[in-house]
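Asks: Handing you a structure now.
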Amino acid sequence: MLFKPIIRSTLFHTSDKDPEIAHHWVIDRLAFASRHGVLLKIIEAANAYKSSSLERTIFGVRFPNPVGLAGGFDKNGLALPALAALGFGFLEAGTVTRYRQAGNDRPRIFRFSEDSALINRMGFPNDGADEISERLSRLPKPAIPVGWSIGKSKVTPQEEAIEDYLYSLRKLYEFADFFTVNVSSPNTPGLRKLQEKEPLDQLLRAIVQEAEVLARQTGRNTATPVLVKISPDLTEGQIDDVIEVCLDCNVRGIIATNTTLSRKGLHKCTIEIGGLSGRPIYPCALAIVQYLCKKLDGKIPVVGVGGIFGPDDAQRMFDAGASLIQIYTSFIYEGPGIIKQINKTLATTGETPAAKRE
Ligand SMILES: Cc1cc2nc3c(=O)[nH]c(=O)nc-3n(C[C@H](O)[C@H](O)[C@H](O)COP(=O)(O)O)c2cc1C
């Protein structure tokens with residue numbers, strides 16, 4: 001109730017020139033809370049909504065509810081326990097790259113409040129797989145599933161991309177309930193070329209095989225699931241290729257979608273470069289989830305993400321066949337209350353058809 005008039009307006013006002021200031025302020029507070037059990041309990045009591053009807057097992061992982069935080073919010077995994085306490089059913093941390101990198105020059109996030117949208121060209125700023133895994137070994141693991149998104153370092157040439165992803169996979173393996181292979185960010189030159197059939201096949205095959213090797217080495221019965229995250233700018237033919245490769249390589253799920261290069265649905269003219277997220281991308285993300293689910297026919301699950309701003313949007317993603325959903329931009333505009341709002345509505349009125357899959 002107090003989020004929009006007080007917290008959001010203060011945060012937006014003080015970070016008008018560079019929205020990333022607000023982002024770091026929030027992450028710092030959540031990271032602080034993550035180190036203090038009492039604060040976590042208070043946050044959880046005020047925010048989390050629990051209901052056994054929301055629980056589900058998807059790609060072999062047990063989720064307390066189907067509403068996750070999308071990749072890119074907690075790039076370094078600094079605030080995972082506090083984000084879990086806010087009531088998410090799972091978190092996707094990262095995107096992490098093999099090498100520590102600064103990302104693009106700031107400002108690199110732009111708000112379009114009238115359209116509940118953001119444009120970002122972050123370029124994967126993160127501390128790198130070594131530092132992040134070292135830090136994670138000293139922190140308690142959150143009580144909900146955490147997936148790690150892995151991407152290609154900017155300095156790594158395209159032909160060495162596979163080894164770059166494998167390095168991060170190995171470093172983060174013990175901390176992940178699933179991995180997301182990010183080949184769809186528009187902000188790393190050449191990255192989206194990895195969605196093409198042949199390079200995608202080589203990349204995913206190598207990552208899935210390595211996940212199996214790591215499972216054997218660490219004495220696990222099953223390999224940690226590997227998912228792939230796709231762009232909303234793919235054609236149907238390109239999506240068909242992705243599906244074929246995923247099924248061939250034993251990829252366990254598809255996350256649709258990342259941000260778009262299109263400016264459709266954005267009412268304000270802008271020359272800012274980067275990926276658009278938020279309300280304007282919902283129709284496209286939903287159409288892609290519908291297409292994927294129809295083509296996949298339940299063979300592997302789909303995670304729906306893009307412009308979900310409330311229970312109705314969430315419900316339509318599930319009706320389209322999504323097994324889980326994720327949010328990012330609505331978390332910024334609506335605050336943490338949106339997680340409870342969606343979960344409460346799903347638990348009381350919603351049908352989530354994929355709830356019992358796998
Ligand atoms: C500032 C910002 C940074 C992002 N960084 C990442 C990232 O590092 N990795 C990733 O897979 N997606 C990233 N995304 C994309 C989101 O995970 C999500 O796919 C996209 O924003 C669409 O969902 P939304 O409309 O709910 O925000 C980022 C999005 C934003 C707004």
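The values are calculated or read from the model by the stated rules, or taken from the named source; none is laboratory data. Everything quoted here is computed from the prediction, not taken from an experiment. Backbone-built Cβ (ideal geometry, glycine too); neighbour counts: all protein chains shown. Remember, those area values only see protein heavy atoms, side chains included, never the ligands or the DNA or RNA. Shrake-Rupley method; radii C 1.70, N 1.55, O 1.52, S 1.80 Å.
Per-residue answers, yes or no, for (1) touching a helix residue (DSSP H, G or I) at 6+ places or on another chain (Cβ under 6 Å); (2) open to solvent by 10 Å² or more (accessible area, probe 1.4 Å); (3) assigned to a loop (DSSP other than H, G, I, E, B):
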site	(1), (2), (3)
173	yes, no, no
192	no, yes, no
212	no, yes, no
221	no, yes, yes
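Asks: Is one or more of the residues making up segment 162-171 over 17 Å from residue 91 (Cα atoms) and at pLDDT below 95?
Replies: Checked against the condition, which is being over 17 Å from residue 91 (Cα atoms) and at pLDDT below 95, segment 162-171 yields no hits at all.
Asks: A follow-up question, please. Is there a residue being under 27 Å from residue 315 (Cα atoms), surrounded by fewer than 20 Cβ atoms within 10 Å (Cβ to Cβ) and either within 17 Å of the chain's Cα centre (by Cα) or at pLDDT 95 or above (or both) anywhere in segment 242-260? Spell out how you get there, then give the answer.
Replies: To start, the set of residues in segment 242-260 that are under 27 Å from residue 315 (Cα atoms) comprises 242-243, 246-247, 251-260.
Next, only the ones that are surrounded by fewer than 20 Cβ atoms within 10 Å (Cβ to Cβ) stay: 243, 247.
Next, from what is left, pick out any that are either within 17 Å of the chain's Cα centre (by Cα) or at pLDDT 95 or above (or both): 243, 247.
Within segment 242-260 (the criterion being under 27 Å from residue 315 (Cα atoms), surrounded by fewer than 20 Cβ atoms within 10 Å (Cβ to Cβ) and either within 17 Å of the chain's Cα centre (by Cα) or at pLDDT 95 or above (or both)), the answer is yes, since at least one residue qualifies.
Asks: A further question follows. Among the residues of segment 111-120, are any within 11 Å of the ligand (Cβ to nearest atom), open to solvent by 30 Å² or more (accessible area, probe 1.4 Å) and farther than 30 Å from residue 300 by Cβ?
Replies: yes
Asks: Please count how many residues of segment 44-68 are of a type in the set (D, E, K, R), in contact with a Leu (Cβ under 9 Å, 6 or more places away or on another chain) and either modelled with pLDDT under 95 or open to solvent by 10 Å² or more (accessible area, probe 1.4 Å) (or both). Don't jump to the end; show me each part of the working.
Replies: Residues of segment 44-68 that are of a type in the set (D, E, K, R), as a first pass: 44, 50, 55-56, 62.
Cutting the leftovers down to in contact with a Leu (Cβ under 9 Å, 6 or more places away or on another chain) gives us 44, 56.
The next check asks that each one be either modelled with pLDDT under 95 or open to solvent by 10 Å² or more (accessible area, probe 1.4 Å) (or both); those that pass are 44.
Number satisfying all stated conditions: 1.
Asks: Further, regarding this structure: In the list 71, 94, which residue meets the criterion of being open to solvent by 10 Å² or more (accessible area, probe 1.4 Å) and within 30 Å of residue 166 (Cα to Cα)? Spell out how you get there, then give the answer.
Replies: Values: 94 fails: open to solvent by 10 Å² or more (accessible area, probe 1.4 Å).
After ruling out the rest, the residue left standing is 71.
Asks: Sticking with this structure for a sec: Which residue is surrounded by the most Cβ atoms within 10 Å (Cβ to Cβ), if the candidates are limited to segment 146-171 and must be of a type in the set (Ser, Thr, Tyr) and assigned to a helix (DSSP H, G or I)? I'd like the intermediate steps shown before the answer.
Replies: Step one: list which residues in segment 146-171 are of a type in the set (Ser, Thr, Tyr), which gives 149, 153, 156, 165, 167-168.
This time we only want the ones that are assigned to a helix (DSSP H, G or I), so: 165, 167-168.
On the way: 165: 27, 167: 20, 168: 29.
Filtering first and then ranking leaves 168.
Asks: In this structure, is residue 228 of a type in the set (Val, Ile, Thr) and not in a strand (DSSP E or B)? Even if it seems obvious, please write down each step before you answer.
Replies: Details: of a type in the set (Val, Ile, Thr): yes; not in a strand (DSSP E or B): no.
Considered against the rule, which asks whether it is of a type in the set (Val, Ile, Thr) and not in a strand (DSSP E or B), residue 228 comes out as no.
Asks: In the set 159, 92, which member is of a type in the set (D, E, K, R) and within 10 Å of the ligand (Cβ to nearest atom)? Don't jump to the end; show me each part of the working.
Replies: Values: 159 fails: within 10 Å of the ligand (Cβ to nearest atom).
Matching residue, one of 159, 92: 92.
Asks: Take the residues of segment 97-108 that are among the charged types (D, E, K, R) and open to solvent by 30 Å² or more (accessible area, probe 1.4 Å): which is nearest to the ligand (Cβ to nearest atom)?
Replies: Taking segment 97-108 first, the residues among the charged types (D, E, K, R) are 98, 100, 105-106, 108.
Still in the list and also open to solvent by 30 Å² or more (accessible area, probe 1.4 Å): 98, 100, 105-106.
Numbers: 98: 15, 100: 14, 105: 15, 106: 12 Å.
Out of the qualifying residues, it is 106.
Asks: Let me ask something additional. Within 10 Å of the ligand (Cβ to nearest atom) and either touching a Pro at 6+ places or on another chain (Cβ under 6 Å) or charged (D, E, K, R) (or both) - does that describe any residue in segment 124-137? Reasoning before the result, please.
Replies: Taking segment 124-137 as the starting set, the residues that turn out to be within 10 Å of the ligand (Cβ to nearest atom) are 124-126.
Next cut, either touching a Pro at 6+ places or on another chain (Cβ under 6 Å) or charged (D, E, K, R) (or both) only: none.
Checked against the condition, which is being within 10 Å of the ligand (Cβ to nearest atom) and either touching a Pro at 6+ places or on another chain (Cβ under 6 Å) or charged (D, E, K, R) (or both), segment 124-137 yields no hits at all.
Asks: Of all the residues that make up segment 39-69, how many are assigned to a helix (DSSP H, G or I) and within 20 Å of the chain's Cα centre (by Cα)?
Replies: Residues of segment 39-69 that are assigned to a helix (DSSP H, G or I), as a first pass: 39-47, 52-54.
This time we only want the ones that are within 20 Å of the chain's Cα centre (by Cα), so: 54.
Residues that pass the stated criteria total 1.
Asks: Taking the condition surrounded by 19 or more Cβ atoms within 10 Å (Cβ to Cβ), modelled with pLDDT of 95 or more, closer than 30 Å to residue 346 by Cα and not hydroxyl-bearing (Ser, Thr, Tyr), does residue 132 pass? If you could, list the steps in order and put the result at the bottom.
Replies: Values: surrounded by 19 or more Cβ atoms within 10 Å (Cβ to Cβ): yes; modelled with pLDDT of 95 or more: yes; closer than 30 Å to residue 346 by Cα: no; not hydroxyl-bearing (Ser, Thr, Tyr): yes.
Taking the combined requirement at face value, the residue does not satisfy it.
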